[in-house]
Amino acid sequence: MSTQLITHAKNIEYLTGFTGSSGFLLMGQKNIFFTDFRYREMAQKLADSNKSRIPFEFIEMNQSLKETIQKRYGKRKEISFESSHVTVDELKYWKKIFKGVKLSPSKKTIEEMRWIKDANEIKLLKKSQKINEKVFHEIRNSIKPGMTELEIAWQIKVLGHEFGAEDISFEPIVAFGSHSAVPHHHNSTRKLKKRDIVLIDMGMKYKAYCSDMTRTFFIGKPTAEQAHVYDLVLQAQLAGIAATRAGVKASTPDKAARKVMGDMAQYFGHSLGHGIGLDVHEYPSVSSRSKATLKEGMVVTMEPGIYLEGKFGVRIEDMGRVTTKGYENFTKVEK
């Protein structure tokens, strides 16, 4: 059986449950995880628990690491590594550690295992989104003119902690007025004004799993143009969702959403969605250029947007599971 060197932190967490900042895993006929004395207790408990995705033995890293590796793996002809996550300098280091052993890029990545979410992962993703929605409702009910984007972003973080999240999935995006026309706007001291358009993109992390949701709403009555663009984005999202099911190309929902937008699709410059799990952005990309095929158990977002530079933007984002029958939407916040 071939041996694979796993160094990417999220992949190690997925396989073993380990969340420390230092360590690597050697997967093969026998799985061995190495980390230093700071995480000895955590690693040993995980190894003894038999609750991780793979069984593994824990060995503490010390000054004799190279000798330990040579003793166990020095006679191997080849070991694969995660080429997408290893830098040139890191590869030089591993070549010294595995002196005499050929290091080759992995043909099968751990990310491929992470594409399809199991029942427990789905449960955690739903819980993460439930917390996210609870925070959003609190924010939506308390927001008022005079508050700044930074103030709202901070409240999102505080409320997330109070409602059971262990962290945020990413820095919340809070955009007032013309700032909403910038897809990944950086929060500022801009104050909310009467009749402003408000775009909030936010996510929570629960037991390592991320949520992601965007809502656009209005303080007061929207203009006719704003109402038209909002409705167009909503109809595009619904078309993308309707086109989503296991077995179709990941490009299909994106194309369906753009078709609804018509000429306004020129103001939709990003993909319709992305996979989500331990990372807020995972495989597959739900874009018109994607070569992927949607499979049952994938969890993806649906987030079309129209951005009119200098004026305003609208984005609506849900997350849900791909099934053979369609799209199981985890997002319950009104649109």
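The values are calculated or read from the model by the stated rules, or taken from the named source; none is laboratory data. No experiment lies behind these values; they were computed from the predicted model shown. Counting neighbours? That spans all protein chains shown, and the Cβs are built from the backbone with ideal geometry, glycine included.
Of the residues PRO183, PRO145, PRO172, which single one is within 15 Å of the chain's Cα centre (by Cα) and over 30 Å from LEU26 (Cα atoms)? Walk me through it before giving the result.
Numbers: PRO183 fails: within 15 Å of the chain's Cα centre (by Cα); PRO145 fails: within 15 Å of the chain's Cα centre (by Cα).
It is PRO172.
Of all the residues in the stretch 1-26, those that are of a type in the set (A, V, I, L, M, F, W, C) and either within 19 Å of the chain's Cα centre (by Cα) or more than 15 Å from VAL86 (Cβ to Cβ) (or both) number 5. Residues in the stretch 11-27 that are touching a helix residue (DSSP H, G or I) at 6+ places or on another chain (Cβ under 8 Å) and over 20 Å from ASP89 (Cα atoms): ASN11, TYR14, LEU15, THR16, GLY17, PHE18, THR19, GLY20, MET27. Of the set (1) under 18 Å from the mean Cα position of the chain (by Cα); (2) surrounded by fewer than 16 Cβ atoms within 10 Å (Cβ to Cβ); (3) part of a helix (DSSP H, G or I), all apply to TRP154 but (1).
Within the stretch 22-47, if we keep just the residues that are under 29 Å from GLU78 (Cβ atoms) and of a type in the set (A, V, I, L, M), the residue that is surrounded by the most Cβ atoms within 10 Å (Cβ to Cβ) turns out to be ALA43.
The set of residues from the stretch 277-326 being in contact with a strand residue (DSSP E or B) (Cβ under 8 Å, 6 or more places away or on another chain), under 20 Å from HIS228 (Cβ atoms) and not in a strand (DSSP E or B) comprises GLU303, PRO304, ILE316. The set of residues in the stretch 319-329 being surrounded by fewer than 23 Cβ atoms within 10 Å (Cβ to Cβ), of a type outside the set (Lys, Arg) and farther than 17 Å from ALA292 by Cα consists of GLU328, ASN329.
Output the residue which, of all residues in the stretch 113-151 that are under 30 Å from GLN4 (Cβ atoms) and without any contact (Cβ under 8 Å) to a residue 12 or more places away in the chain, is surrounded by the most Cβ atoms within 10 Å (Cβ to Cβ). Before you say what the answer is, go through the steps one by one.
Our first condition is that a residue be under 30 Å from GLN4 (Cβ atoms); within the stretch 113-151, this holds for 113-125, 128.
With the extra rule that they be without any contact (Cβ under 8 Å) to a residue 12 or more places away in the chain, the set shrinks to 119-120, 123.
Details: ALA119: 8, ASN120: 10, LYS123: 14.
The qualifying residue surrounded by the most Cβ atoms within 10 Å (Cβ to Cβ) is LYS123.
Are there any pairs, at least 6 apart or on different chains, whose C-beta atoms fall under 9 Å, with the first in the stretch 253-271 and at pLDDT 95 or above and the second of a type in the set (Phe, Trp, Tyr), and if so, which? Final answer for the pair search is PRO253/TYR327; ALA257/PHE268; ARG258/PHE268; MET261/TYR267; MET261/PHE268; TYR267/TYR307; PHE268/TYR307; GLY269/TYR307. Test ARG140 against the criterion of being under 23 Å from ASP201 (Cα atoms) and basic (Lys, Arg), and give yes or no. Here the answer is yes, as ARG140 does meet what is asked. Listed by position, the helices (runs of 4 or more DSSP H) contained in the stretch 1-90 that have at least 2 residues being of a type in the set (Ser, Thr, Tyr) and free of Cβ contacts under 8 Å to residues at least 40 places away in the same chain form an empty set.
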